[in-house]
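If you scroll down you'll find the structure; I have some questions about it.
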Amino acid sequence: MFNRRSFIKKSALFTSVLGLQPLFGKANSSVGFVPQGKPTLLATWNHGLQANAAAWQVLQSGGSIVDAVEAGVRVPESDPENTSVGLGGLPDRDGRVTLDACIMEPGGNCGGVAGLEYIENPISVARKVMTETPHVLLVGDGALQFALEQGFTRKNLLTPKAEQAWKEWQKTSEYKPIINIENHDTIGLLAQDAHGNLAGACTTSGLAFKMHGRVGDSPIIGAGLFVDNEIGGATATGMGEAVLKIAGSHTVVELMRQGYAPEEACKEAVKRIIKKDPNYNNIQIGFLALRKDGATGGFALQKGFNYALMISANQNKLVDASYMLS
Ligand code: ASP
């Protein structure tokens with residue numbers, strides 16, 4: 001699956017990468033951003049279409065922006081056919097389905113869970129962490145204990161399909177993340193309501209067949225998701241280790257604060273990953289950004305990342321993100 005590139009091509013790439021210039025370089029500041037007066041939803045991969053539709057419905061029924069992002073990502077979480085999120089997610093190398101999620105609301109409050117087992121909708125537990133505890137992140141057994149105390153139902157999340165894939169993997173036990181393996185991975189959903197308020201949610205089963213205990217970017221505020229209601233929000237998908245190393249989503253938001261347009265902010269974050277990660281050729285990263293004025297953008301390291309953009313009841317479409325390596 002990996003594109004092998006010649007040394008010359010890599011050198012040329014690095015030359016251009018090292019000559020980093022922000023295309024929309026200088027500070028616009030947040031002053032002058034005019035929320036556009038209608039909701040905007042932006043979600044990773046093709047499962048973003050269903051997530052957006054559910055979130056839109058919540059907003060139309062008078063739900064809050066946090067209700068909307070939670071309801072949106074619960075759809076792929078509860079889809080047993082979706083092997084990268086929630087129920088049916090591919091397990092770790094020990095055969096355990098461990099889930100990561102986080103949520104952030106316009107006021108800056110946030111909550112997350114990591115390594116959570118047996119709960120179909122980790123995003124809803126993350127929301128409870130945000131609203132019912134003084135903490136931001138609960139992990140592993142503690143997260144499960146909290147979820148059960150909150151009334152969540154314990155259930156086996158390892159579907160026959162995921163178990164079969166794990167058994168296949170055990171034949172070689174090779175740890176080799178594959179770019180865009182099923183054209184969907186983490187679901188990250190960014191949303192803006194008609195008043196201009198922003199929220200986001202991010203949820204995943206993480207890398208397939210990861211080490212038990214491995215946590216990626218997705219439940220980490222600032223890495224897999226970040227929302228600043230004055231500036232905008234960002235979310236990430238792909239190799240979590242690379243996103244963590246540059247605090248990816250926070251970086252994208254801060255770049256927008258400096259005046260970068262959403263797509264350019266995502267592109268600059270991808271460039272930073274290329275500079276820091278010698279393995280960049282073999283991984284995929286995708287960022288999405290939603291700015292306070294309703295402008296949106298996405299950018300990926302490799303070809304193949306798409307996202308769902310919804311701006312009206314009958315306009316929910318997939319967009320192919322621009323990318324760095326070809
Ligand atoms: N970012 C997720 C992780 O590293 C995986 C993904 O988006 O595919 O856990």
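Among ALA194, GLY224, GLN57, whose Cα sits farthest toward the positive end of the charge dipole of the chain (+1 at Cβ of Lys/Arg, -1 at Cβ of Asp/Glu, about the Cα centre)?
Farthest towards the positive pole: GLY224.
Another question about this same structure. Any idea what the dipole of the chain comes to, in debye rounded to 20, about its Cα centre with Lys/Arg Cβ at +1 and Asp/Glu Cβ at -1?
Numbers: 30 positive and 31 negative charges, 239 e Å.
Approximately 1140 debye in magnitude.
Please find the FRET efficiency linking LYS275 to GLU81, where r is the Cβ-Cβ separation and R0 is fixed at 51 Å, and quote it to the nearest 0.05. Provide the component values of the computation, followed by the final result.
Working: r = 37 Å, r/R0 = 0.73.
My answer for the efficiency is 0.85.
Would you kindly state how much longer the chain becomes between THR172 and SER322 on full extension, computed as 0.36 nm times their sequence separation minus their alpha carbon distance, in nm to one decimal?
Details: separation 150, 0.36 × 150 = 54.00 nm, distance 3.43 nm.
Taking 0.36 nm per residue and subtracting the Cα distance, the gain is 50.6 nm.
Starting with the highest mean, order 91-100, 230-239, 115-124 by the number of other Cβ atoms within 10 Å, averaged over the residues of each peptide. Mind showing how you got there, number by number?
Working: 91-100: 21.7, 230-239: 28.3, 115-124: 25.0.
For the peptides 91-100, 230-239, 115-124, the packing ranking is 230-239, 115-124, 91-100.
With a 1.4 Å probe and all protein chains kept in place, how much accessible area does TRP56 have, in Å² rounded to the nearest 10?
Number for this one is 20 Å².
Oh, and also: If the chain between GLU132 and ASN156 were fully stretched, how many nm would it gain, using 0.36 nm times the residue separation less the Cα-Cα distance? All intermediate terms of the calculation are to be shown ahead of the outcome.
On the way: separation 24, 0.36 × 24 = 8.64 nm, distance 2.53 nm.
Using 0.36 nm per residue and subtracting the Cα-Cα distance, I get 6.1 nm.
Would you mind telling me the share, in percent, of accessible area of region 221-326 contributed by carbon and sulfur at probe 1.4 angstrom?
For region 221-326, the apolar C and S fraction of the accessible surface comes to 46 percent.
Place +1 on the Cβ of every Lys and Arg and -1 on the Cβ of every Asp and Glu in region 210-326, take the dipole about the Cα centre, and give the residue among MET256, ASN282, ALA269 whose Cα lies farthest towards its positive end.
ASN282
Nearest 20 debye, what's the magnitude of the dipole of region 73-125 about its Cα centre given +1 on Lys and Arg Cβ and -1 on Asp and Glu Cβ?
Working: 3 positive and 9 negative charges, 15 e Å.
It works out to roughly 80 debye.
Please list, in order along region 150-161, the HN-Hα scalar couplings obtained from phi with the Karplus expression 6.51 cos²θ - 1.76 cosθ + 1.60 (θ = phi - 60°), rounded to whole Hz, x for Gly and Pro.
Along region 150-161, the couplings run 7, x, 6, 8, 7, 8, 6, 9, 7, 7, x, 4 Hz.
With springs only between Cα atoms under 10 Å apart, run a GNM on the chain and tell me which of PHE146, PHE226, PHE305 wobbles the most.
With Cα springs under 10 Å in the chain, the top fluctuation among PHE146, PHE226, PHE305 is at PHE146.
Could you tell me which of rounded, prolate or oblate describes the chain, using a ≥ b ≥ c as the square roots of the eigenvalues of the alpha-carbon gyration tensor, with rounded for a/c under 1.5 and, failing that, prolate when a/b is larger than b/c and oblate otherwise? Intermediate results must be reported in sequence, preceding the final value.
Numbers: a/c = 1.71, a/b = 1.07, b/c = 1.59.
Judged from the Cα gyration tensor, the chain comes out oblate (a/c at least 1.5, b/c at or above a/b).
Want the number for ALA295 to LEU148: 0.36 nm per residue separation, take away the alpha-carbon distance, what's left? Don't jump to the answer; show the numbers that get you there.
On the way: separation 147, 0.36 × 147 = 52.92 nm, distance 3.95 nm.
Result: 49.0 nm gained on full extension.
Roughly how many debye, to the nearest 20, is the charge dipole of region 181-322 about its Cα centre, given +1 on each Lys and Arg Cβ, -1 on each Asp and Glu Cβ, and no other charges? Write down the numbers at each step before the final one.
Numbers: 13 positive and 14 negative charges, 69 e Å.
Here region 181-322 has a charge dipole of around 320 debye.
Something else now. So what are the ³J(HN,Hα) numbers for region 225-239, from phi and the Karplus equation (6.51, -1.76, 1.60; θ = phi - 60°), rounded to whole Hz, Gly and Pro as x?
7, 8, 9, 10, 5, 7, 10, x, x, 8, 9, 9, 9, x, 5
Follow-up. With r as the distance between the Cβ atoms of GLN258 and GLN164 and R0 = 51 Å, compute the FRET efficiency 1/(1 + (r/R0)^6) and round to 0.05.
Working: r = 48 Å, r/R0 = 0.93.
Efficiency for this residue pair is about 0.60.
Return the carbon/sulfur percentage of the accessible area of region 41-157, one whole number, probe 1.4 Å, all protein chains in place. List each step's numbers first, then the result.
Working: 1980 of 4240 Å².
Of the solvent-accessible surface of region 41-157, carbon and sulfur hold 47 percent.
Tell me what the chain gives for mean residue ellipticity at 222 nm when only DSSP H runs of n ≥ 4 count, each as -39,500 (n - 2.57), the sum divided by the residue total, rounded to 500 deg cm²/dmol. Write out the running numbers ahead of the final one.
On the way: 9 runs with 101 residues, N = 326.
Calculated from helices alone, the mean residue ellipticity at 222 nm is -9500 deg cm²/dmol.
So what is the accessible area of the chain per residue, in Å², with the probe set to 1.4 Å? Before the final figure, lay out each step's value.
Working: 13380 Å² over 326 residues.
Heavy-atom accessible area per residue stands at 41 Å².
The values are calculated or read from the model by the stated rules, or taken from the named source; none is laboratory data. In this text, all values refer to a predicted model and were calculated from it rather than measured experimentally. Methodologically, a virtual Cβ is constructed for each residue, glycine included, from the backbone with ideal geometry; neighbour enumeration extends over all protein chains shown. Calculation scope for accessible area: heavy atoms of the full protein, side chains included, ligands and nucleic acids excluded. Shrake-Rupley method; radii C 1.70, N 1.55, O 1.52, S 1.80 Å.
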